[in-house]
Structures are given as structure tokens and as C-alpha cells.
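Presented below is the structure to which this report refers.
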Amino acid sequence: MQQEATGGRTEPHITNEELGERQNEHEQVDFETAISLTGYGKFNHLLNLLAIPAASTTMIDTTTMSYILPSAECDLNLSNVDKGILNAVVFGGMTSGALFWGFLSDTLGRRKLLLACYCLLASITIASSFSQTFWSLGLFKFLGGFVACGPNAIFLAYLSEFNSCRHRSRTMMAVGIYASLAVAALPALAWLLIPQTWSWTLLGGYITYNSWRVFLTMSAIPSFLTGCCICFFDESPKFLMSCGRRDEALRVFQRVYSINTGNPPETYPVKSLLKEKSGVLTSAAPDERLSTLLKLGIKQMKPFLHKPYIGMAGIVLIIQFGGQWGMNTIRLWLPQLFAIMEEYFIVNKSMSGNVTMCDILTSHTGPKTAFNETIVVTDKPCVPVQSGDTVYIYSIIVGIVTAVFNLMASSVISNLGKKKILIAGYVLSCCCVVPMYWSNSMEGLLILASLFVGSGSMCFNALMSVVVDLFPTSLRTMAVSVTVMTGRVGALLGNITFPVFLEISCLVPFLFLGSIMFVCSSLAFLLPRTNGKALE
């Protein structure tokens, strides 16, 4: 009668006789046995609640610019190049910080870095709302990206190390649902705040604080909430065991067991934990100098370049690079695409059924014409562009559909397997992105984009679950960080090249993204099955 959850409930209370038998059977156990015997109950539910704001922070940090740029254009005197830089700079920060946070987490632990990172990210986000120039906002977005990639990868490892293999895959997929909720909640928050006419002047007029700045401040709430709540959780027992701190790990297991079952901690049926091999970084003292940590970080990367990890690492990184290239390119362009189509159909109502999205994009990026007459551009005061309600509503729908995809995947991943989900998801992405070329209505684009972004998000979380299973504790956070970093590079390049390809031919970017998705689905066949695999 192992104290495991079934459908989110703990099994009946064990008897003293059964407990005595279990103590004898598990006198000295490994991590997977120890975490399984803690059960699945209140502690796991509390950790899952914490994962809601935690999972949304990175999604929010990468997406806020999409909604504030139209309003901030006049306040910060932004050119189109400036807007592109502000959209991309957050990925530059994430790319530069991924390896740093990865090896630092595997050295210093998960909990203390999560606490520091989330609080720091909230502070940077709030500070960015006071930016009065393009350069100051760009700097804060870069710093925010640098910090945000840390807790994103660290929390995935932290969450996985508090769940047994029976629940780990489902829990990791649930993170995707929480991130999808942020995709839906963020445009709703933007819709509520940005159209407002609020404006205040501070410090004698040196600082202007208006609605889009309020929106930035409010977007810091999930980071601040997560940083405060992480104080009430313990360090990862898997990390403690890898550091040789088995007594501390045992006390963590006892507390988790007590919270889940309601039994006293001392009745936890494990009295001793097996000694685990310490990793290169987990065996290092926390007070080592930064130069030493950097050397250790380089040493930690070496296993990725040798068997048995190099082959699978290469496949995972290529899939992640391509998948994030496609998904984030379309996701971050969607508000702009919706706005362009909405504007076009308002001006050209009679032509709404006779054009494709590419015709609309061409008319928007080329010479401005209306009814075959060139529009005369005159010098006028800068007037902020306010997106119509349709842009926000459709963005919310995309977020909801993405959440549904991840919910469906999390419910079947244990039976269907991560590999099949990856293959099916990338095939669906390929089948959706190419037909976008022929979209002739906002509704058609909405359907295709929702399926594309939803399946891409589902694949991202399934792939993260595969990475967690493939690599041992001493490399896990580093592996997640490298994988996430690779995806950020793909997203950065995708958003830069998309408009370049449009200039060549409107069909090119959609065929190119479709080809990338096809390659990802093909490579997914080469991944091993990891369902039920114990953490190393």
C-alpha cells in the first residue's frame, strides 16, 4: 500500500504493522524510492499552485513589448528599428544568462537562487516602467531577460525533483498549461490598462508615468509573488543528496511525507538514504570565487560533448532550436498581424474575401495606397496607435487554445508518451503554418495560429520533460538551461529573419517555417522513450 496519489488523492492511512514492514524493507533507499514513499498530496498541490505564477514570468517577460510598443512609440520616440530591438533584446539577455544560471544552480542549490532571481526580476520589471528613453527601456529588458532565464530553468528542475517518476511527466506538462494561462491573461490585462488615459508627472516633470507603464508594473506581480512564496519551501532533496547532505535530504523527505499524509515526520518509512555520486559542481563549496565557478562550469559542459550524452543532446538542441524559431516567431508577430488585417478590412470592406494575408502584408509594407490612390504623408504630431479590441480578444483566444493543448497533453502523456506527442505536435505545426500564406480572413488566421502556437507550446513542455529524464542531477539544470538558451537563440533569429524573408517573397517565411517543423518531427523519431524512467 504505497502512499502514492491516485487522481490527486492519497491512499488510506497505513497501519503500524505495514509501516514496520516498510521500514525494514527500505532501510536504505535511493532517491526515486524515497520520493515515492512521501506520497502525492497537499505538498505537491501547493507546489503546483506556486508553479502558476512561476511558469508565467518568462512568458510575460518576452511578450509585454508586443502590447506596449504602439502606445510607447510617441513617448519614447521609437523608430521601427527601435521597436525591433526592444522585441529582440530580451532574448539576447536570456541567451547570455542561460549557462550562468545553469551551473550556478547546480553549485549553490535551487531554492536560494529562485528566491533571489524572482525578487530581482520583479524589481527590474518595476524599474523598467519608469524608463523615459529607448536606451533605458532596452537596458532593463536586457537585464530582465538575463535574470528571467535563470528561474525558468531552475524551477523546472526544482519541480521535477519533488515528484516521483509516476507524476513527473504530468507535472512538467502542467507547467505548459500555466504558461499558456499567462498568454491569455496578459492581453486581457493589456486590454484593461493600456487604453486608459492615465498620466502623471513626477519629480518636476522629469518622469512621466502613464497607462502602459502601469501595465509593466502590474506584470511584475507573478515574479514578486513567486519570490515571496518560495521562502516557505525546502531545498530540493535530490540536490542535497547529490551534495552528500543526506541527513538534510532525509529531513526534507520527512516534512513532505508529513504534509502529504498527515502522519508525524518520524513515521516516514525511510531511515537512511543511499550515497549518490557528487557532480562536478554540486561538490563545490558555495563560497568559491567566481573564477573558480566559471572553470567548474566549463568542466560541467564537457559531458555534453562525450558519450553517452552528446548524441541525444545534439538531437534535443536541434529540435528545440527549430521548434522555438517557429513558435515564437508566429506568437510574437500575431498582435501585429491581427492589427494589420483588422485595419485593412476596415478600409477595404468590399475586398475582404478576395485577398490573402500576403496581399495584406504586401500592401502594408509597400507604398501606402487606398482605392488605388497614393496617400499623401504630411508632418503631423505623433499620435499613439491604439490596437482595436479584436487584437486583444484574438490574443486571449490563442492563449486559451494553447492552455487546452497542454491540458490535453498532460492528461495523456503518461499513456501516450512524450515521443509520440512531439511527433504529432510538430506535424500539426507544419500543417498549420504553411496554409497561413493563403489566409483571407482574421478568423482563418486565428484558427491556424491557435493550432500552431498551441502545438508548439505543447511540444516545448514535452521536450523539457524529456531533457529532465535524460540527464543526471549534476547536469540537469545545466541541460535545461542549455536547451532553453538554444530555443531563445532560435526565437531571436526567427523574429529577425521573418521580415527579411517577407521582403524576398511572402511565401518564403511560411514555407521555411513549415520545413523547420517537418525537420523537428523527423528528429523526434530518434529520441528514446523516457516514460517512467527514474531520475539519475
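Here, each number is a calculation from the coordinates, and none is a lab measurement. These numbers were taken from a predicted model, which means no experiment stands behind them. Cβ atoms come from the backbone with ideal geometry, glycine included; neighbour counts cover every protein chain shown.
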Classify the range 105-160 as rounded, prolate or oblate from the Cα gyration tensor: take a ≥ b ≥ c as the square roots of its eigenvalues, call it rounded if a/c is under 1.5, otherwise prolate when a/b beats b/c and oblate if not. prolate
Report the gain in length on full extension from S96 to I400: 0.36 nm times residue separation, minus Cα-Cα distance, nm rounded to one decimal. 106.3 nm
Pop the C-beta distance of K112 and V519 into the FRET formula with R0 = 30 Å and round what comes out to the nearest 0.05. 0.15
Cα-Cα longer than 26 Å, checked against K112/K275; K275/K420; K42/K419; K42/K112, kept in input order, equals K275/K420; K42/K419
What does the extension gain come out to for K275 and T390, with contour length at 0.36 nm per residue minus their alpha carbon separation? 35.6 nm
Taking a ≥ b ≥ c as the square roots of the Cα gyration tensor eigenvalues, with a/c under 1.5 meaning rounded and otherwise prolate when a/b beats b/c, else oblate, which class fits the range 397-517? oblate
With a/c under 1.5 counting as rounded, go ahead and sort the range 73-223 into rounded, prolate or oblate using the C-alpha gyration tensor (a ≥ b ≥ c being the square roots of the eigenvalues; past the cut-off, prolate if a/b is larger than b/c, else oblate). prolate
Could you give the length gained by full extension between T197 and C74, i.e. 0.36 nm per residue of separation minus their alpha carbon distance, to one decimal place? 42.8 nm
I need the calculated FRET efficiency for the pair H45 and T208, taking r as the beta carbon distance and R₀ as 51 Å, to the nearest 0.05. 0.70
Return the long-range amide H neighbours of V29 (sequence gap of 5 or more, or a different chain), with a cut-off of under 5 Å between placed amide H atoms. S272, L273, L274
Taking amide H positions as placed 1.01 Å from N in the peptide plane, with prolines and chain starts having none, which residues 5 or more places from I207, or on another chain, fall under 5 Å of its amide H? L202
